[in-house]
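See structure below.
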Amino acid sequence: ILPVLTLDGIITYDLIPGPVTSARFVQFLRELIPLTNPYPGPRSILVIDNCSIHHSEEVRKLVEDEA
């Protein structure tokens with residue numbers, strides 16, 4: 001499960017059978033970005049852990065360019 005948690009609860013999630021690949025994570029981020037706002041607004045900070053799929057150049061570029 002890929003949940004998006006906020007102080008108000010879960011705003012969206014995705015159930016994926018099997019492991020989550022970097023490509024699938026990027027797809028999930030593309031679906032998530034429209035739910036975010038510019039800083040310092042609500043839903044303006046993305047916190048991800050040190051999982052290897054979070055370290056791809058595509059993830060960094062997507063977050064910096066579109067979020």
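Numerical summary
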item: Residue ID - least open to solvent (accessible area, probe 1.4 Å), chosen from residues in the range 40-67 that are touching a residue at least 12 places away in the same chain (Cβ under 8 Å) and in a loop (DSSP other than H, G, I, E, B); result: Ser56
item: Scan of the range 26-39 for residues that are in contact (Cβ under 8 Å) with a residue 24 or more places away in the chain and not in a helix (DSSP H, G or I), ordered by number; result: Thr36
item: The range 13-44, residues that are in contact with a Pro (Cβ under 8 Å, 6 or more places away or on another chain) and of a type in the set (S, T, N, Q); result: Ser44
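Per-residue answers, yes or no, for (1) exposed (fewer than 12 other Cβ atoms within 10 Å of the Cβ); (2) closer than 16 Å to Ile53 by Cα:
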position: Leu2; (1), (2): no, yes
position: Val20; (1), (2): no, yes
position: Ala23; (1), (2): yes, yes
position: Val26; (1), (2): no, yes
position: Glu31; (1), (2): no, no
position: Pro34; (1), (2): yes, no
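The values are calculated or read from the model by the stated rules, or taken from the named source; none is laboratory data. Since the structure is predicted, the reported quantities are computational estimates derived from the model, not experimental observations. Cβ: placed from backbone, ideal geometry, glycine included. Neighbour counts: every protein chain shown. Each accessible area value is taken on the protein alone, full model and side chains, heavy atoms only, with ligands, DNA and RNA left out. Shrake-Rupley method; radii C 1.70, N 1.55, O 1.52, S 1.80 Å.
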